[in-house]
Amino acid sequence: MGVDWFGYGYAALVASGGIIGYVKAGSVPSLAAGLLFGSLAGLGAYQISNDPKNVLVSLMASGTLAGVMGFRFYNSGKFMPAGLIAGASLLMVGRLGLKMLQKPHNP
């Protein structure tokens, strides 16, 4: 079992985005959403680190963020932060989809 470094990095990106949104604009909803979804992504990375097929929490968090932030990016046209998080979330959804398609390894 390997550590899901990409998952932990994604979780840190999401959480830090919420913190930066709060510091720069005083946005409490940004802070709350960033910490909530960053925590869920971190939990998902922990679960994947223990069982590579356990992708549900991570997939739900990244899928939700891909949709919400993709919609915000589409409406605003601003890459920061909506486009960045939407793109990173879409990459995570694709990565998790590939994990789901992999055959289990027998030791």
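No value in this document is a laboratory result; all are computed from the given coordinates. Values in this document were obtained by computation on a predicted structure and should not be read as measured data. Neighbour counts are summed over all protein chains in view; Cβ atoms, including those assigned to glycine, are modelled from backbone coordinates with ideal geometry.
Can you bin the chain into rounded, prolate or oblate? Criterion: square roots of the alpha carbon gyration tensor eigenvalues sorted a ≥ b ≥ c, rounded for a/c under 1.5, prolate for a/b above b/c, oblate for the rest. Note, shape of the chain comes out prolate.
Extension gain Ser27-Ser76, at 0.36 nm per residue separation less the Cα-Cα distance, in nm?
15.9 nm
Can you tell me the 0 to 90 degree angle between the C-alpha axis of helix 5-25 and the longest principal axis of the chain, rounded to 10? In the chain, helix 5-25 runs at an angle near 10 degrees to the longest axis. Partners of Lys103 within straight-line reach, counting lysines whose Cα lies under 25 Å from its Cα and excluding those fewer than 8 residues away in the same chain: Lys53.
For the chain, the dipole from Cβ point charges (+1 on Lys and Arg, -1 on Asp and Glu) about the Cα centre works out to 180 debye, to the nearest 20. With springs connecting C-alpha atoms under 10 Å apart, model the chain as a Gaussian network and identify which of Met80, Met92, Met69 has the largest mean-square fluctuation. In this elastic network of the chain, the residue with the biggest mean-square fluctuation among Met80, Met92, Met69 is Met80.
The alpha-carbon of Lys24 sits under 18 angstrom from the alpha-carbons of these lysines, leaving out residues fewer than 8 places away in its chain: Lys78. Compared with the dominant principal axis of the Cα atoms in the chain, helix 84-101 is inclined by about 10°.
Normalised by the number of residues in the chain, the average gap of Cα pairs under 8 Å and 6 or more apart makes the relative contact order 24 percent. Taking amide H as placed 1.01 Å from N in the peptide plane, the amide H of Asp4 sits under 5 Å from that of Ser49, each at least 5 places away or on another chain.
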